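Here's the structure we're looking at; comments come further down.
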Amino acid sequence: MTAKEIVSISFIMNSISVLIMLGLFISVVLKKEKKNKKDRIFLAVTVSVLIYALLDTAVSIPDFTTGSIQLTIQTERLIGFIPHFACFLMALYMRPDGEDNRGLKPSRLITVPVIADFVLTATLIVIYSDRSFISAAGSGVITAINILSYAIAYYYVGICLFEVWKTDRVLFLLPTFFACLAVYFTIFMGGPLSKALLMSGAVVYIYVSRKFRSLIIRIGGIVLVMFIFITLVMGNEITSAAFTSYLVTLHDRNDEHLRETEDYIESFAALPWLVDYWEDNPEKIKERLLADTKIPSEQELFKIGVDEAEEMSKEEQLDFAAACYKSIDGFFVWQFELHDLDDLFLIIPYDEYDGTVLFDAKRSPDGSVKLGSDFDVFEESFEWSNYARETEGRMHWTWGTYKESDDFGFYRQMPPSRRGRVARLCTSLKRSDIYEHMDFISTFRLTAMTYLILVAVAVLIILYRMILRPLLLMRETMRRYHHDKDPDKVSSDMERITQKDEIGSFASEFSLLTGEMRRYTQEVELLATDKERVASELRMAADIQNKALPSKFPAFIDKPEFDIYASMNPAKEVGGDFYDFFLTDEKHLAFLIADVSDKGIPAALFMMSVKNLIDYRAQKGGTPADILTSVNDQICRNNESKMFATVWMGILDLDTGIVICANAGHERPAITNSNEEFELIEKDKHGPAVGMIPGAKYSDYEIRLHHKGYIFLYTDGVIEAKDPKGEFYGADNMLLNLSDPEDASPKWIIDTLYDSIDSYVQDAKRFDDMTMLCLKYLGEEESTQ
Amino acid sequence: MLQKIKDNDILTVKPEGALDTLTSPEFTAGMEGELDGIKTLILDFEKVPYISSAGVRAILLLQQTMDNQGSMKLVHVNEDIMELFDTIGFFNVVTVDND
């Protein structure tokens, strides 16, 4: 495969990558969704790159077609920069936390030209390297390291540009700085190999960082960038210093030889005349040199001045010039061989590119001296051009690459001839020496880099052990803690982190936290148990309270004179309301309803005691007033907590329907009148609630129940039931709903009223106990009083 | 909720809203420690629309304290509450001065 073919393929591959970019560009343009900021940036950058690429390709085509390989390699480097830059764009466009939702996978697409370019550039290097393949590979390793840094740097450039827009992350600022440097180096100094490796490196890094979102990779990236940068700077500084000093030494040595030669030449007093004569008569001199003539001694030749030479006859002049030439030529050859020089010659330059040769230690192919032969930088070789330029003693080390045009040659100017010709005495540094030394320096640099990379790895390991490993352990511990909720395991795990720094204190805080969590959980559990216990006790209390009230209906099967029904409905588990009924003797039924101040357990306790006191006192006989007066006294005796109960109590004579009753601050009961309509008792003489006033007297009054008449007792929970708007149910509403019982049973009446209240209250919360008692008298009505 | 005006040994308390099972404990708690050195306690019921037996008990407890150190009276008691007080015989215990 010829170089031209290689360059052609490289050119084609680069064109392909340009096409891929074009494709991406079009796909973004045609994107259906609204274009965001990222898209617009992508478009802007792509357009500029495409314009650049097209211009560059157009410029490079003539070079390419003429097949001037040297120039084409330069151009290839420029064009090759396009996929390189495209890769940078991709890194920018598909930063790790972004999503490329257009189906194309730029990372995969870009791999093709990247690999192709890599292979081609590597081949080019091997073909056009005057060194061995191994040496080329060695320099490839160095460039590979450079490339990795560029790759990471490019990746970060992409990220940072976006991250800095979104948030200000200090972590990314440092890599951004390095990235900019790296980009600068790549653009202005990078070789083709570094470029190719850089691209593949970028793709790999992007892939890795998208796949593994690990701290160590991110930190590692930064550390590597920093170390590689340091390595690059240091390595270059060291190399540059060492190589420059070596070159200066070489130069000084050669310059010394030049000076010796110059001194020798200037020993000829007729030199200004000789230079002109040599230049004018090269052929005659050559002829005369071939003839074996006697040469005068050097001392004699030195003495002859310009004026003397001019006064000689033509034949004498030729003899003199040839003799001098022979002496000097001999000196040239002697110097050349003695010091093992690369070059030694004297030329008269006409302009920058050509001139004529006077002396050259090397011979022409036919073995004759080169006197009078022309030199042309294009026709001869590149080396000649160095001697034609005014670059005396200037030597450069250019970033680890050997260039064919390196300025290793230099010259001394001779005094002007009579015609004003200024001859140049030239030499060059011996290439083999330089290359040998360069290889040595490269090895040295490579070693230094290797050590620095090892240090970077060591730093990473230390970072891993100090930060990442404890963090990972904590994460694992937390995960397990989620499952087993075992703080002991957590603290035993956390004890493995023995550091005394922030990580260590974090671990111990975490351990303490889980301990706290356990205590808290236990407390909550304890509270829950307590709550459960209280709830079950309350249920039992409610059970006791319910069973303390007569709850078997029908209650008196053997008493046809009446039908009674009652119900209690506490707002909380236990209530402060109660009802009661019992026969005081064969002919009398005592019935009562009471409402204790407040609700809940205190009210229930008080209620039980009031109930029992009334019950007990009633068994001893007496009217309700007597009973209430007596109970009131008993309660007031020990009532620091000022509990009180409103009580309405009546005793029904089963034979007559007459009820003797007394009221201790309770709601007036409702009874049915002759029209079978419920109304509140008008003549209700009431006293204070039981327990309120010590020594209070209660008085009886009498009501009559006619046959099939009802009396309805209730607590304020009934009339003060509230609808969602907070309106009371009210006594009027109650009476309305009680009306027209039509011979119904007391149970039916109470159930009906309940339903009515329920539908009134709807879903408003009920705060008060609700208790009702209904008695239907079925006995004889006392005809006349 | 509970407005208090203290003038030497006279304390005027103006509760706002109904005094029932839910609000009475709040009222009692609000009065805690307020009665030290008070000779006259005035309960202004202007903004109390309704009172339940729990509220009555709270007043009863205040009355008990004031019986030992001075006097207490209720003012601006509305008709509904007056009726309730009448029903449970509360006027025998507390002084209501609606003028």
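Some points to look at:
- Of the set (1) assigned to a strand (DSSP E or B); (2) within 12 Å of another protein chain (Cβ to nearest Cβ); (3) of a type in the set (D, E, K, R), all apply to residue B:6 but (2).
- Taking region B:68-99 as the range and being of a type in the set (D, E, K, R) and away from chain A (no Cβ under 11 Å) as the test, the residues that pass are B:73, B:79, B:97, B:99.
- Criterion violated by residue A:622 - all others in (1) within 12 Å of another protein chain (Cβ to nearest Cβ); (2) over 28 Å from residue A:730 (Cβ atoms) satisfied: (1)
- Here the condition is being assigned by TED's automatic domain parsing to the domain that holds residue A:649, in contact with an Asp or Glu (Cβ under 6 Å, 6 or more places away or on another chain) and either buried (at least 17 other Cβ atoms within 10 Å of the Cβ) or polar (S, T, N, Q) (or both); of A:756, A:739, it holds for A:739 alone.
- Note on region B:9-36: residues that are away from chain A (no Cβ under 14 Å) and of a type in the set (S, T, N, Q) total 1.
- Residues of region A:711-728 that turn out to be more than 13 Å from every other protein chain (Cβ to nearest Cβ) and in a loop (DSSP other than H, G, I, E, B), as a count: 3
- Residue count for region A:560-577 under the criterion of being at pLDDT below 85 and not in a strand (DSSP E or B): the result is 7.
- If the condition is being more than 12 Å from chain B (Cβ to nearest Cβ) and not β-branched (Val, Ile, Thr), then region A:666-698 contributes A:669, A:670, A:673, A:674, A:675, A:676, A:677, A:678, A:679, A:682, A:683.
- Checking each residue in region A:575-600 for being within 14 Å of chain B (Cβ to nearest Cβ), aliphatic (A, V, I, L, M) and in contact with a helix residue (DSSP H, G or I) (Cβ under 7 Å, 6 or more places away or on another chain) picks out A:594, A:596.
- Subset of region A:636-646 (residues that are in contact (Cβ under 8 Å) with a residue 24 or more places away in the chain and either more than 13 Å from chain B (Cβ to nearest Cβ) or on the phi > 0 side of the Ramachandran plot (or both)): A:637, A:642
- Flag for residue A:603 being within 14 Å of chain B (Cβ to nearest Cβ) and free of Cβ contacts under 8 Å to residues at least 40 places away in the same chain: no
- Check on residue A:695, farther than 22 Å from residue A:577 by Cα, touching a strand residue (DSSP E or B) at 6+ places or on another chain (Cβ under 9 Å) and touching a residue at least 60 places away in the same chain (Cβ under 8 Å): no
- The criterion of being assigned to a strand (DSSP E or B), modelled with pLDDT of 85 or more, over 17 Å from residue A:598 (Cβ atoms) and in contact with a Gly (Cβ under 9 Å, 6 or more places away or on another chain) holds for residue B:13.
- Which listed residue, of A:695, A:691, is more than 27 Å from residue A:556 (Cβ to Cβ), out of contact with any Asp or Glu (no Cβ under 8 Å at 6 or more places or on another chain) and assigned by TED's automatic domain parsing to the domain that holds residue A:638: A:691
- Residue count for region A:635-646 under the criterion of being basic (Lys, Arg), over 20 Å from residue B:52 (Cα atoms) and buried (at least 17 other Cβ atoms within 10 Å of the Cβ): the result is 0.
- When residues of region A:578-634 are limited to those that are on the phi > 0 side of the Ramachandran plot and outside any helix (DSSP H, G or I), the one surrounded by the fewest Cβ atoms within 10 Å (Cβ to Cβ): A:621
- Residue A:663 being within 9 Å of chain B (Cβ to nearest Cβ) and not acidic (Asp, Glu): yes
The values are calculated or read from the model by the stated rules, or taken from the named source; none is laboratory data. If you're wondering where the values come from, they're calculated on a predicted model, not measured in any experiment. Every residue, glycine as well, gets a Cβ built from its backbone with ideal geometry; the counts of neighbours run over all protein chains shown.
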